[in-house]
Amino acid sequence: MLFSEKITANFKKTRLAYDFSIKNISDLLDLKTTSVIGNIETSKGTPSLNLLIKFALTFGVSIDWLLGFSDIIFTPASVSVAEKDLENRLSNSDTSLALHMLLNNYDKWQDPSIRQQHYSLAVRANIIALSNWVLQNPKPDLKNKLRYNTLENLVKVQSTNPIFNIENE
């Protein structure tokens, strides 16, 4: 598979694993139009370095995997960096009180060293992606409520099995 085909496939795999539309991903990544993601997924365009970084931070995936240089989707570094980015965004956001309270109410999630023992990398990445979704979409519609409840269940259960599994796409 060619380099650009891997990028296309990995962007699309991630989007489909989370059941996001192209519009959802575009909004999540603060893109002005859906055409950027649409063009990446149809091999008509390639992501900028800034977009690759934003995508990796939003989903906790490895940039090496996004680019097709590795088959390892989540690395300890990619997930830890994305968690730190999320924590920074939470501390600088007034609109995320419910999310902030959720993540801080579970002692096994609060401490990064304990977190690593109780949650797999894929589950931690699920929590990152859903938290980013909740930050971006605070409106209380049904889809947001379902994603928030899924996030809450992931944090509570301390599972090693992700709900959204990119490897299965």
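Values for this structure:
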read-out: Using alpha-carbon coordinates, inclination of helix 121-136 to the longest axis of the chain, degrees; value: 90
read-out: The chain: relative contact order as a whole-number percent, Cα under 8 Å and 6+ apart; value: 24
read-out: Nearest 10 degrees, 0 to 90: helix 3-17 Cα axis against the chain principal axis; value: 40
read-out: Alpha-carbon centroid distance for the pair segment 64-80 / segment 107-168, whole angstrom; value: 18
read-out: Other-chain or far-sequence residues with amide H under 5 Å of Thr75's (modelled H); value: Ser62
read-out: Sites Asp30 and Glu87 - FRET efficiency at Förster radius 25 Å, r taken between beta-carbons, to 0.05; value: 0.85
read-out: Simple label model, 7 Å out from Cα along Cβ direction - Ala9 to Asn50, nm; value: 3.0
read-out: Residue of Lys143, Lys23, Lys84 that the Gaussian network model of the chain assigns the largest fluctuation, springs spanning Cα pairs under 10 Å; value: Lys143
read-out: With Cα atoms, 0 to 90° folded angle of helix 49-59 axis to the chain main axis; value: 40
read-out: Estimated distance in nm for a label pair at Ile72 and Asn149, the labels positioned 7 Å out from Cα along Cα-to-Cβ; value: 3.7
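Each value in this text was obtained by applying a stated rule to the coordinates, not by laboratory testing. Computed from a predicted model, the values in this text were never measured in an experiment. Note that we place each Cβ from the backbone using ideal geometry, even for glycine, and neighbour counts take in every protein chain shown.
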